[in-house]
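Have a look at the structure below before the remarks.
The values are calculated or read from the model by the stated rules, or taken from the named source; none is laboratory data. Not measured: the values here are computed from a predicted model. Ideal geometry is used to build each Cβ from the backbone, glycine not excepted, and the neighbour counts take in all protein chains shown. For accessibility, only protein heavy atoms count, side chains too; no ligands or nucleic acids. Shrake-Rupley method; radii C 1.70, N 1.55, O 1.52, S 1.80 Å.
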Amino acid sequence: MAAYIVLGLVVVIALWAVGVYNRLRTQKNQVENAFAQIDVQLKRRYDLIPNLVEVARGYMQHEASTLEAVTRARNQAVAASDALRSHVRDGKALAAFSAAEQALGGDLGRLMMTVEAYPDLKADAQMQSLSEEIASTENRIGFARQAFNDQVLAFNDRASQFPDLIVARLLGFAHMGMLESTTSAQERTAPQVRF
């Protein structure tokens, strides 16, 4: 009789552990899917940037350094994205990705500000179309990042709550990092505007 009770208890615990594992695995897959959605939008942006640079190059002969900086930042962001794609849980890869994306965003912003100084370029239909595509893609990336962070939060919550954290730790479900838009306290401070 005692053997049946022990066996029944072992079966219940095993079924519970399998259920927890399956929930954690499902949420990990959702995190990976959310990153894949970011990756799709990033690829779209990475593909648009060379076209934007080429259109601008014809007008902006004196702004070669800006165009080169955008191209260099794009290449670094592509490399960081590729590295993160295969190591979504790696905190260093996530930090490198965030830094590369932030650098690319800054260089793209400088390019768009420079475009403002060239009325003919600003009025160019192809440049307008590419600018709109990039702006649309940036919005999509923002939404995809939010969805990724939501999935990471759900996974981290599940993996850190008792009793699921027992199974998570035993089976190596580690805490995942979120994508951040800023990396320093200086970037988080509100700008001072004085007139």
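Here are some notes:
- Structure-derived Cα Rg over 2.2 N^0.38 Å: which label, when the choices are (i) 1.13; (ii) 1.42; (iii) 1.07: (ii)
- Of the residues 13, 166, 134, the one that moves most in a GNM of the chain with alpha-carbon contacts below 10 Å is 13.
- When the chain is treated as a GNM with alpha-carbon contacts under 10 Å, the residue of 164, 150, 120 showing the greatest mean-square fluctuation is 120.
- Computed over protein heavy atoms with a 1.4 Å probe, the carbon and sulfur contribution to the accessible area of the chain reaches 58%.
- Comparing mean-square fluctuations of 126, 151, 41 from a GNM of the chain with C-alpha springs under 10 Å, the top value falls on 126.
- Hits among lysines - C-alpha to C-alpha of residue 92 under 29 Å, sequence gap 8 or more where chains match: 28, 43
- Over the chain, accessible surface divided per residue gives 61 Å², non-protein components excluded, 1.4 Å probe.
- About the Cα centre, charge dipole magnitude for the chain (Lys/Arg +1, Asp/Glu -1 at Cβ), debye: 720
- Only helices enter this figure: runs of n ≥ 4 DSSP H residues, each worth -39500 (n - 2.57), summed and divided by the residues of the chain, yield -28000 deg cm²/dmol at 222 nm to the nearest 500.
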